[in-house]
Amino acid sequence: MVTITNDKAEMESGLSTQEVKTRLSEYGYNEVPEKKTHFLIRLAKCFWGIVPWMLEATVFFTWVLGKYPDMLIIIALLCFNAILSMIRQRKANMALESLKQRLSIQSRVKRDGVWSVVSAREIVPGDLIRVRAGDILPADTQLINGNLEIDQSVLTGESTTVEKAGGEAAYSGSAVKRGEATGTVSATGTRTYFGKTVELVSLAKPKLHMEGFTVKVARKLAMIIIVSLLISFAYALVTGFQFAVLLPLAAVLLVTAVPAAMPTMFTLNMALGASELAKKGVLVTRLSVSEDVALIDVLCVDKTGTMTMNKLFVEEEYQVNAFEKSDVILYGALASNEANQDPIDLAFLAASKEARISLDGYSQVEFVPFDPQTRMTGAVIEKSGERFAVRKGSFKAICSYCKISDENMASLGKEAEALSSKGLRVIAVARDDRRGGFKLVGLAGVADRIRPDSRETVMQLGNFGISVKMLTGDALPIARNIAPQMGLEDNIIRMPDTKGVQDQKMASSIEESSGMAEIYPEDKYTIVKSLQSRGHMVGMTGDGVNDAPALKQADVGIAVKNATDIAKDSAGAVLVTEGLGGILAMIKTGRTIYQRIFSWVLNMITKKTFTVGYIVTMLFLTHSLVISIFGMVLWIFFGDFATMSISTDNVRYSRRPDSLDTSWLFKVGVPLAALAVAEGTILTLMGLTYFGLGNTSKLYTFTFAYLVIESLFSLMILRERDHFWKSRPSNVLLVTTVAEISIVSAISLSGFFELGPLGYIPLIVILAYSFAASFLVNDFLKVFLLRRFYKKSI
């Protein structure tokens, strides 16, 4: 916060126009600066990375070899992936723009001795401003005089309004519910409490998990290519066969290994997942969320407005004197006015309806709204021609008004403390004694009630292996009272007094707790980063400005219904229905998407590793390539892009959080590929012997047909974690597979460019051999490997 010293003249007349210009040049406008990356820079980044490099290297090799049609096809593929990447980036973060719009309000400012209305953007530190009920504070302000009741729940998460008087600070973004006050601006723009939240939003950088996963897979495939080429060069040196074959081999292997369709596969699955979630009341604003949600093992939930209803209820009553508990509600309701929309007034009125306490016959002749100075509301009530007065307000204020003795005050104080220890806010109720004084009716404990579905949701999340942590700005007793009602343990702690996210002691305390109380916006952000530093995949739910940085930093940020714009913009998904039931739908859908993607990736790894091994093995045996570059490019479209129909497949979601660990994929895929290499080598040697494949174009066709058909049958067994007959493929996947086999059969029989006509007998042998090898042999090895390296899949 900027320290501004105003002299007496400025306190009376406000800043001069010249001083405003000076401070404007020093501190800048009262707005949130926006940082934008140039379109060309974002486009250039699409051609930088392990997958683009592999494609670019392939372009280079095909150019050197003079295979210009092949080169153009690969360039088109490279550009296609870049366009998809740009489309994914189009849903860029709009949080800063939303904050700028929020600050674009009008404010009453006194300058040169004259009050005027100016844009909040032009306010500077030291300005003298006036705020009243209905206003939003345009900047952090030090109040000089007056009294305010403000709602700062979007900033701090506090579920009740806060009273502010002269000498106290009020923060930018808070809404004035009642009162008027004058104050001096202490901070503007990003220096405000509100602005610091903006900076945290801009600093928050969630990991892009699937991009990292793609890099890992591509890097390992690249290593397989390098090792294969080194072995081939070594073999060439030893045996003395022509090195001229190795350059086309390098091009063929690069085309083989590039996971070109992987970004498209991810995008397709995420888009389908987003569409499915929209039908279940969840709007996805960042596509990757639809699959990232499968990975989360910790969910941080903002209490106020997320797990609770952000609405006060009378939870407990304590009567005194000769009154009944129902009298506490009755007189409290009579001292309330629905038109004021005061949260406590509404709580008493709702309690009277819930308890079926009729207010019929009572007429409110006069009503005095809550006054921060008296800390109570009052009313004059008439019934059957008789008038009496009622009051309700803070415990100390009402007890003092009733002139309660010190002895009785001590006894009542214990009852008030008992209510407070349960996390309840104590409201005292009184009525006149018809002798000019007032007598206490009783005490009421009010609190923000949890949503009806919150407890069940928390329990179900636990069954899915997700640890739920409650985060709140409320006092520790209130948080500990709410936690068991939500199905959480009561080991709620105060936020550790440290800002270092690398502090392992702090991170351990956060990890072991069920939640944290009395926290600020930067604490939520720190909590998420601390849990991430401990290796957790973190989800975060929230609804206010105070949640925005954590929502963006989290692996999965979820804004609830009626969340502020900044919360929605920072989150990756928005619930459009009340409660948290949509989160369960997200998890089930996300884990279903995960299973589909990893079935496709496992098939891709197995297929590409097999193809590389098969081509190199046949090179050793025949001293020539058994497929052309064109054949491999065509195989990519059949083997990669067409198999994306698995995005519609019938799969079972797991009951535990999934993982982006790629090691098991290669532990399962490589042995399966090795077996397939042996099977493919046997088949090709048989073809060379019995089907007259001495013609190069015929050999290319034979290899092309075998690679495509084998990969399709392989997909049929790899889509299921158990034996292939345990689940039925989707209709779309079955139709696509049959269609591909039909097209490949037609190409094989008629020929296509470099691929010569093959004949019926070789094609039938390929179909029968691939079917038997995949379903009768490879499926059993797959189940064995999965049970050993990925046990939770079975």
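For PHE438, the amide hydrogen comes within under 5 Å of the amide hydrogens of ASP433, counting only partners 5 or more places away or on other chains and with H modelled in the peptide plane. 3J(HN,Hα) along the stretch 719-736: 5, 10, 5, 9, 4, 4, 7, 6, 8, 9, x, 5, 4, 4, 5, 5, 5, 4 Hz, from the Karplus curve 6.51 cos²θ - 1.76 cosθ + 1.60 with θ = phi - 60°, whole Hz, x for Gly and Pro. Take the stretch 570-692 with all the other protein chains still there, run a 1.4 Å probe, and you get 27 Å² of accessible area per residue.
Label separation (LEU476 vs LEU43): 5.8 nm, computed from points 7 Å beyond Cα along the C-beta direction. Computed from label points 7 Å out along Cα-Cβ, the spacing between THR374 and VAL777 is 9.3 nm. Multiplying the residue separation of ILE83 and SER275 by 0.36 nm and subtracting their alpha-carbon distance yields 67.0 nm.
Using a 1.4 Å probe over the heavy atoms of the protein chains, calculate the carbon and sulfur portion of the accessible area of the stretch 579-655 as a whole percent. Carbon plus sulfur share of accessible area: 63 percent.
Highest-first packing order for the peptide set 271-283, 702-714 is 702-714, 271-283, based on the mean count of other beta carbon atoms within 10 Å. Each label point was placed 7 Å from the Cα along the Cα-to-Cβ direction; for ALA175 and ALA678 their separation is 7.1 nm. Computed packing ranks the peptides 106-119, 458-471 as 458-471, 106-119, most packed first, by mean other Cβ atoms within 10 Å. Proximity of backbone amide H atoms, modeled 1.01 Å from N, is registered between PHE323 and no other residue at under 5 Å, excluding neighbours fewer than 5 places apart on the same chain. Here the 3J(HN,Hα) profile of the stretch 395-404, calculated from phi with Karplus coefficients 6.51, -1.76 and 1.60 at θ = phi - 60°, is 4, 5, 5, 5, 4, 5, 5, 8, 6, 6 Hz, Gly and Pro shown as x. Placing a label point 7 Å from the Cα of ILE231 along the Cα-to-Cβ direction, the residues of the stretch 657-685 with a backbone N closer than 18 Å are 666-685. The calculated FRET efficiency for SER119 paired with ARG356, based on their beta-carbon distance and R0 = 35 Å, is about 0.10. The amide H of ILE144, built 1.01 Å from its N in the peptide plane, has GLY167, THR182, GLY183, THR184 as neighbours under 5 Å, considering only residues 5 or more places off or on other chains. In order along the stretch 265-280, phi translates into HN-Hα couplings of 4, 4, 4, 4, 5, 5, 5, 5, x, 4, 5, 5, 5, 4, 6, 9 Hz, rounded to whole numbers, per the Karplus curve 6.51 cos²θ - 1.76 cosθ + 1.60 with θ = phi - 60° and x for Gly and Pro.
Net charge of the neighbourhood of SER454, taken over other residues with C-beta under 13 Å away and scored Lys/Arg +1, Asp/Glu -1, is -1. Of the accessible area of the stretch 287-437, computed with a 1.4 Å probe over protein heavy atoms only, carbon and sulfur atoms account for 45 percent.
Apolar share of the accessible surface for the stretch 659-717: 65 percent from carbon plus sulfur atoms, 1.4 Å probe. Subtracting the Cα-Cα distance of MET459 and ASN408 from 0.36 nm times their residue separation leaves 14.0 nm of extension gain.
Other residues within the sphere of radius under 13 Å centred on the Cβ of ILE226, judged by their own Cβ, net out at +2 (K and R +1, D and E -1).
Quick check: net charge around ALA673, other residues with Cβ under 10 Å of its Cβ, Lys/Arg +1 and Asp/Glu -1? Combined, the nearby Lys, Arg, Asp and Glu give +2. Packing order of peptides 446-455, 222-231, highest average first: 446-455, 222-231 (average count of other Cβ atoms within 10 Å over each peptide's residues).
The values are calculated or read from the model by the stated rules, or taken from the named source; none is laboratory data. In this text the structure is predicted, and so the values were computed from the model without any measurement. Quick reminder, even Gly has a Cβ in these numbers, built from the backbone with ideal geometry, and neighbours come from all protein chains shown. The area values use the complete protein model at the heavy-atom level, side chains included, leaving out ligands, DNA and RNA. Shrake-Rupley method; radii C 1.70, N 1.55, O 1.52, S 1.80 Å.
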